[in-house]
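Working notes, beginning with the structure itself.
The values are calculated or read from the model by the stated rules, or taken from the named source; none is laboratory data. All figures in this text were calculated on a predicted structure; none of them were measured in a lab. Note that we place each Cβ from the backbone using ideal geometry, even for glycine, and neighbour counts take in every protein chain shown.
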Amino acid sequence: MMTTPDRGIKKIIVPKSKLPGIFASEEGNKSVYVLKYRFISEDKNRTSHWSPTYKIIAEDTAEEIMNAIVVDNSNKVVNLVWEPQANIPEYHIYVKWNYSSPDSQWQYYAKTSQTNYSIVYAADKTSIKVAVQKPTVQQERFTTATLFENDASLI
């Protein structure tokens with residue numbers, strides 16, 4: 001006798017664009033999605049236990065993407081623009097001011113769903129290095145999540 005699947009069971013596929021930010025790891029040079037799930041009845045009265053935690057390796061960015069950085073010295077604004085990427089709904093922007101200084105550190109600056117961004121800078125800034133990366137759970141700069149880096153003089 002052949003068994004039949006239980007009636008009412010639904011198969012769900014979560015598109016990549018709906019996954020949360022990746023967990024970036026510099027040690028293994030791999031970025032991963034961390035996934036847990038549970039089942040909820042249609043009437044929302046019953047839930048299962050949480051599943052074990054699964055790690056799914058995120059796809060690497062094959063090559064740097066087309067981008068440009070334009071400095072408007074009179075208005076103290078840096079304008080960024082880059083090529084849209086499939087399945088990346090938002091971007092995290094990191095900035096390193098006066099980047100030739102040994103004290104210069106990457107700072108989380110903003111997140112955006114657009115493929116252009118303007119950064120206003122103070123008169124005491126002499127240079128900027130910008131990194132745009134895929135969203136990560138940790139708000140840290142990770143080379144494994146980087147889409148591109150670019151730099152410019154502000155003088």
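Return the pairs, sorted by first residue and then second, in which the second residue is of a type in the set (G, A, S) and surrounded by fewer than 20 Cβ atoms within 10 Å (Cβ to Cβ), the first residue lies in the range 89-106 and is within 17 Å of V132 (Cβ to Cβ) and in the same structural domain as F148 (by TED's automatic domain parsing), the beta carbons are less than 7 Å apart, and the residues are 6+ apart or on different chains.
From residues that are within 17 Å of V132 (Cβ to Cβ) and in the same structural domain as F148 (by TED's automatic domain parsing), the pairs are P89/S17; P89/S113; E90/S113; I93/A110; K96/S104; W97/S104; Y99/S127.
Taking D124 as meeting all but one of (1) crowded, with 16+ Cβ neighbours inside 10 Å; (2) at pLDDT 90 or above, write down the number of the exception.
(1)
Considering (1) under 30 Å from K36 (Cα atoms); (2) in a strand (DSSP E or B); (3) without any contact (Cβ under 8 Å) to a residue 60 or more places away in the chain, say which one V132 fails and leave the rest.
Only one criterion is unmet by V132, namely (3).
Starting from residues that are of a type outside the set (V, I, T) and in contact with a helix residue (DSSP H, G or I) (Cβ under 7 Å, 6 or more places away or on another chain), keep the ones in the range 110-144 and report whichever is nearest to N75 (Cα to Cα).
Looking at the filtered set, the residue picked out is Q133.
With respect to W82, is the statement that it is at pLDDT 75 or above, touching a strand residue (DSSP E or B) at 6+ places or on another chain (Cβ under 7 Å) and either loosely packed, with under 11 Cβ neighbours inside 10 Å or under 25 Å from Q138 (Cβ atoms) (or both) true?
Yes, satisfied.
Just wondering, is there one or more residues in the range 105-114 that are at pLDDT 95 or above, closer than 26 Å to A58 by Cα, polar (S, T, N, Q) and assigned to a loop (DSSP other than H, G, I, E, B)?
yes
Given the structure, is N75 modelled with pLDDT of 95 or more and assigned to a loop (DSSP other than H, G, I, E, B)?
yes
Quick test for you: out of I69, I93, I88, pick the one residue that is surrounded by 12 or more Cβ atoms within 10 Å (Cβ to Cβ) and more than 18 Å from the chain's Cα centre (by Cα).
Residue meeting the stated conditions: I69.
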